[in-house]
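Have a look at the structure below before the remarks.
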Amino acid sequence: RNRNDDKSVLVIGLGRFGSSLALELVNRGWDVLGVDSNPRLVQTYADALTHTVIADATDEEALRQVGAGNFNRAVVAIGTHLEESILATSQLVDMGVSTIWAKATSRRHGRILEQVGAHHVVLPEHDMGERVAHLLSGQMLDY
Ligand code: ATP
């Protein structure tokens with residue numbers, strides 16, 4: 001694959017974070033394969049995303065079947081299920097996905113994801129808390 005032209009991404013977990021991310025990427029012209037173990041969520045996003053598959057992302061064989069190793073980019077959008085998040089990230093690292101973004105729910109979780117091999121870790125609640133603080137303090141200047 002030509003990495004510069006490649007606008008495809010694997011998104012694992014179609015919860016609030018993963019689904020928002022996946023829909024935004026589709027709006028920006030990306031091909032998105034959305035994976036979730038919950039059939040109801042996969043059904044919900046089946047029409048909006050390029051491809052959707054019901055699969056357990058901690059299962060190596062299941063990931064192989066969806067072609068996870070062919071993606072240059074993947075996002076692990078699992079947060080609350082700590083073990084699933086770590087196992088799914090580890091599988092993608094083993095499969096040689098070159099850029100893995102992973103969501104963490106705490107700094108310790110994020111540190112573990114980095115140790116496992118995630119290339120980018122995001123902490124949505126921490127980041128948004130800081131951002132709202134910036135917005136709030138910036139607004140104070142207007143009054
Ligand atoms: P949100 O983005 O809604 O805040 P969350 O941080 O609460 O999500 P989880 O509920 O742990 O995160 O997981 C997000 C999504 O990932 C859920 O829809 C869940 O079904 C899915 N998921 C969890 N484990 C797996 C797995 N092993 N394989 C595939 N999908 C999974």
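At the listed q of 0.13, 0.17, 0.24 Å⁻¹, the Debye profile of the stretch 48-143, built from one uniform point per Cα, gives log10 I(q)/I(0) equal to -0.51, -0.74, -1.20. Translational diffusion of the stretch 1-86, estimated by Stokes-Einstein from the Kirkwood radius over alpha carbon pairs at 37 °C in a medium of 0.692 mPa s, is 255 µm² per second. Computed from backbone phi with θ = phi - 60° and the Karplus coefficients 6.51, -1.76 and 1.60, the 3J(HN,Hα) list for the stretch 76-89 is 9, 9, 10, x, 4, 7, 4, 5, 4, 4, 5, 5, 5, 4 Hz; x is used for glycine and proline.
Helix 107-116 and the longest principal axis of the C-alpha atoms of the chain enclose an angle of approximately 30°. Note on the stretch 54-114 and the stretch 24-41: Cα centroid distance 15 Å, given to the nearest whole angstrom. Of the beta bridges in the chain, as assigned by DSSP with both residues counted there, near 0 percent are antiparallel.
Would you mind calculating the relative contact order of the chain from Cα pairs under 8 angstrom and at least 6 residues apart, reporting the percent as a whole number? Normalised by residue count, the contact order of the chain is 18 percent.
Counting neighbouring beta carbons within 10 Å and listing from fewest to most, the residues T80, T50 come out as T80, T50.
No lab work stands behind these numbers, since they all come straight from the coordinates. Since the structure is predicted, the reported quantities are computational estimates derived from the model, not experimental observations. FYI the Cβ positions are ideal-geometry reconstructions off the backbone, even for glycines, and counts take in every protein chain you see.
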